1. With every protein chain left in place and a probe of 1.4 Å, what is the accessible surface of Thr83, to the nearest 10 Å²?
2. Roughly how big is segment 1-87's charge dipole about its Cα centre, with Cβ charges of +1 (Lys, Arg) and -1 (Asp, Glu), in debye to the nearest 20?
3. For segment 1-53 and segment 68-105, write down the distance between their C-alpha centroids in whole Å.
4. What is the gain in length, in nm to one decimal, between His3 and Leu47 on full extension, counting 0.36 nm per residue of separation less the C-alpha to C-alpha distance?
5. With unit charges on the beta carbon (Lys/Arg positive, Asp/Glu negative), name the residue among Gly16, His3, Ala74 whose Cα is farthest towards the positive pole of the charge dipole of the chain.
6. Which sequence of Glu46, Glu6 reflects their accessible areas, 1.4 Å probe, from the largest down?
7. When the Kirkwood radius is taken over all Cα pairs of the chain, what Stokes-Einstein diffusion coefficient follows at 10 °C and 1.306 mPa s, in µm²/s?
8. Normalised by the residues of the chain, what does the relative contact order come to in percent, with Cα pairs under 8 Å and at least six apart?
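The values are calculated or read from the model by the stated rules, or taken from the named source; none is laboratory data. What you are looking at is a predicted structure, and each value in this text was computed from that prediction instead of being measured. All Cβ positions, even for glycine, are placed from backbone atoms using ideal geometry, and neighbour counts span all protein chains on display. Surface accessibility is based on the protein's heavy atoms, side chains included, excluding ligands, DNA and RNA. Shrake-Rupley method; radii C 1.70, N 1.55, O 1.52, S 1.80 Å.
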Amino acid sequence: QVHLVESGGGLVQPGGSLTLTCAASVSRIGLNTMGWYRQAPGDQRELVATETYAGSQVYADSVRGRFTISRDGATSTVSLHMTSLKPEDTALYFCYALWRGANYWGQGTQVTVSS
């Protein structure tokens, strides 16, 4: 069982920046992909960015060039640094982890981009 604890959400103005962090309750052994998904009201959950243990990254087209994902293998954490935020980035952001072949999700942290 993996517990994912997210932090860093909040309210930010358009054009601003925010960093989300997620800590996994397991060591890096067996922890393959970690990343972030988001879900806006009325929409399906969508991939934002992921990174494998080997360092391979995937970004949604809508965030590429604005968001940066990074992992700290020593502490089993993953961060998402978000810049040039837009109102359409408003969503509940979920941390994701693939550990020993099973998918795990955090509870979600709200990001609201509004003036």
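1. About 40 Å², ignoring ligands and nucleic acids.
2. Using only the charged Cβ atoms, the result is roughly 80 debye.
3. Here the answer is 2 Å between Cα centres.
4. So the extension gain works out to 13.9 nm.
5. Ala74
6. From most accessible down to least: Glu46, Glu6.
7. For these conditions, the coefficient is 114 µm²/s.
8. That works out to 38 percent.
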